[in-house]
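The values are calculated or read from the model by the stated rules, or taken from the named source; none is laboratory data. Given the structure is predicted, the values throughout are model-derived calculations rather than measurements. Note: ideal-geometry Cβ built from the backbone for every residue, glycine included; neighbour counts use all protein chains shown.
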Amino acid sequence: MAGRRRTKHRKLVDKIKEDQRVSSVPDEQNSAAADLPTELLERILSPLDLRNNIRAAAVCKSWQAVATSVRKSNRHPWLMICPKVGNSYDFYDPGQRETYSLDLPELKDSRICHAKDGWLLLSKARTRRIFFFSPYTLELIKLPKLQSVHEAIVFTAAPTSDNCIVFTVNHVNPMAVAVSTCRPGDDAWTTIIFENQLPFVSGICTKIVFSKGRFYCLSEPGWLGVYNTNNGIWAVLSVPPPKCTEYLPPDYWWKGKYMAEFNGDIFVVYTCGAVNPFVYKLDETKQVWVEMRSLGGMTFFANFLSSHVRVDLKGKMRDNVYFSKVLYYGKRCVTYSVDRDRYYPRKQLYDWGEEDPFQSVWIEPPEDA
């Protein structure tokens, strides 16, 4: 009997010792991780994106301190609001909910066409002059006069970059469009007329984004035209318009539509005052728009003139669509949560098709913001 007890006692002691050895491994690993020099930890953690940085911060206290010190998040755009009278432009920071003002007499009698990389593309209706302007450095770069009446017009990169191309597509007839391109420093625009294999009606509400050497143009009815800058070919894709158009009345299908590019992917947001927004991603392989039930950590900044997509934003900005409307005396933007399928605030329905399309634009903040 005593022998059995001693045997059981030995087994119990051995089990406890083994459990202690197993449980001590994480402690040893954590101890080794904590003993890494700060300089080495900074080199290890600096390249991490926001999500992995947060995970690394959970290893131990020393990792948390270093991860926090090198933590990076992408910068979100600011909303530039044009004045109805005068030259004072407001710049609203949706992250801090603060507004700054700049007096920009250089923009008098000009209309904003597009914004990217901290630059504005503007036009003067009387002279048909088109020019770039940086509201932060006050630098101005002129372009040749565009003879044809331009409607939707965009550019690919800052005009100080070798990759900058200015692009516009204009309606000739239901089966033909005129594509015009220009680079800073050119003496004139290059215009080519293309015949469409499928109907494509372009206009002021056509949405245009640039991705991987191609301009994607979403027409008012929802058909997609593509201009390839590498070979100079224009084509209308056989991608049916997003299904949400079946919910929109015939006189509404051109309103409240936004388009953006991110990492080679094309996204659109369709809105209607009677229903919540629809978010779609282009599957070019299957030639179809796929509805997104979640933004997967992305943030969509929607605007008539220029929409943007960002990832790795701090706080509660992720997984939302930010619309270019500021409420409560400039304290808050109207947002829509895709995951929760609701507006914030949700006291009313928002008819984005009724907004002044040229009243505001999303633009990147200055480096020393």
Given the conditions (1) touching a residue at least 40 places away in the same chain (Cβ under 8 Å); (2) outside any strand (DSSP E or B); (3) among the β-branched types (Val, Ile, Thr), every one holds for Ile112 apart from (2)
Across the stretch 309-340, the tally of residues that are surrounded by fewer than 14 Cβ atoms within 10 Å (Cβ to Cβ) and within 17 Å of Phe267 (Cβ to Cβ) stands at 1
*Determine whether Phe323 is modelled with pLDDT of 90 or more, under 22 Å from Lys116 (Cα atoms), outside any strand (DSSP E or B) and under 16 Å from the mean Cα position of the chain (by Cα).*
no
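Keeping to the stretch 212-222, report how many residues are touching a residue at least 40 places away in the same chain (Cβ under 8 Å) and assigned to a loop (DSSP other than H, G, I, E, B). Show your work before the answer.
Here is the first cut: in the stretch 212-222, the ones touching a residue at least 40 places away in the same chain (Cβ under 8 Å) are 212, 215-218.
Narrowing further to those that are assigned to a loop (DSSP other than H, G, I, E, B): 212.
Adding up the residues that qualify gives 1.
Can Glu106 be described as touching a residue at least 24 places away in the same chain (Cβ under 8 Å), surrounded by fewer than 18 Cβ atoms within 10 Å (Cβ to Cβ) and of a type in the set (Asp, Glu)?
Here the answer is yes, as Glu106 does meet what is asked.
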By residue number, the members of the stretch 193-222 that are under 22 Å from the mean Cα position of the chain (by Cα), modelled with pLDDT under 80 and among the hydroxyl-bearing types (Ser, Thr, Tyr) are none
Scanning the stretch 165-175 residue by residue, the ones that are touching an Asp or Glu at 6+ places or on another chain (Cβ under 7 Å) and closer than 11 Å to Ile192 by Cβ total 0
Checking Lys124, Lys116, Lys145 in turn, the sole residue that is out of contact with any strand residue (DSSP E or B) (no Cβ under 7 Å at 6 or more places or on another chain), basic (Lys, Arg) and in the same structural domain as Gly185 (by TED's automatic domain parsing) turns out to be Lys124
The residue from Ala158, Ala176 that alone is aliphatic (A, V, I, L, M), surrounded by fewer than 19 Cβ atoms within 10 Å (Cβ to Cβ) and more than 23 Å from Pro144 (Cβ to Cβ) is Ala176
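Restricting attention to the stretch 152-164, does a residue exist that is over 24 Å from the mean Cα position of the chain (by Cα) and more than 17 Å from Asn230 (Cα to Cα)? It would help to see each step written out before you state the result.
Restricting attention to the stretch 152-164, the residues satisfying the condition of being over 24 Å from the mean Cα position of the chain (by Cα) are none.
Looking for residues that are over 24 Å from the mean Cα position of the chain (by Cα) and more than 17 Å from Asn230 (Cα to Cα), one finds none in the stretch 152-164, hence no.
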Leu79 fails exactly one of (1) in a loop (DSSP other than H, G, I, E, B); (2) hydrophobic (A, V, I, L, M, F, W, C); (3) under 19 Å from the mean Cα position of the chain (by Cα), namely (1)
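Quick one: in the stretch 44-74, which of the residues that are assigned to a loop (DSSP other than H, G, I, E, B) and either polar (S, T, N, Q) or in contact with a strand residue (DSSP E or B) (Cβ under 8 Å, 6 or more places away or on another chain) (or both) is modelled with the lowest pLDDT? So that I can check it myself, show each step before the final result.
Kept after step one, since they are assigned to a loop (DSSP other than H, G, I, E, B), are these residues of the stretch 44-74: 46-49, 57-60, 71-74.
So of that shortlist, the ones also either polar (S, T, N, Q) or in contact with a strand residue (DSSP E or B) (Cβ under 8 Å, 6 or more places away or on another chain) (or both) come out as 46, 73-74.
Working: Ser46: 67, Ser73: 54, Asn74: 70.
In this case the residue turns out to be Ser73.
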Within the stretch 201-212, residues surrounded by 13 or more Cβ atoms within 10 Å (Cβ to Cβ) and over 22 Å from Gln147 (Cβ atoms) come out as Cys205, Lys207, Val209, Phe210, Ser211
Review point. Of the residues that make up the stretch 223-231, is at least one over 24 Å from the mean Cα position of the chain (by Cα), free of Cβ contacts under 8 Å to residues at least 40 places away in the same chain and surrounded by fewer than 14 Cβ atoms within 10 Å (Cβ to Cβ)?
Key: yes
Over the stretch 169-211, the set of residues more than 20 Å from Val239 (Cα to Cα), in contact (Cβ under 8 Å) with a residue 24 or more places away in the chain and not in a loop (DSSP other than H, G, I, E, B) is Asn170, Ala178, Val179, Ser180, Thr181, Cys182, Thr191, Ile192
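Taking the residues in the stretch 280-308 that are part of a strand (DSSP E or B), among the aliphatic types (A, V, I, L, M) and touching a Phe, Trp or Tyr at 6+ places or on another chain (Cβ under 7 Å) as candidates, determine which candidate is surrounded by the fewest Cβ atoms within 10 Å (Cβ to Cβ). Explain how you work it out, then say what you get.
Filtering the stretch 280-308 down to residues part of a strand (DSSP E or B) leaves 280-283, 288-291, 299-302, 308.
With the extra rule that they be among the aliphatic types (A, V, I, L, M), the set shrinks to 282, 288, 290, 302.
So of that shortlist, the ones also touching a Phe, Trp or Tyr at 6+ places or on another chain (Cβ under 7 Å) come out as 282, 290, 302.
Values: Leu282: 23, Val290: 12, Ala302: 29.
Ranking the qualifying residues of the stretch 280-308, first place goes to Val290.
Counting just the residues of the stretch 232-270 that are β-branched (Val, Ile, Thr) and at pLDDT 90 or above, which one comes out surrounded by the fewest Cβ atoms within 10 Å (Cβ to Cβ)?
The residue in question is Ile233.
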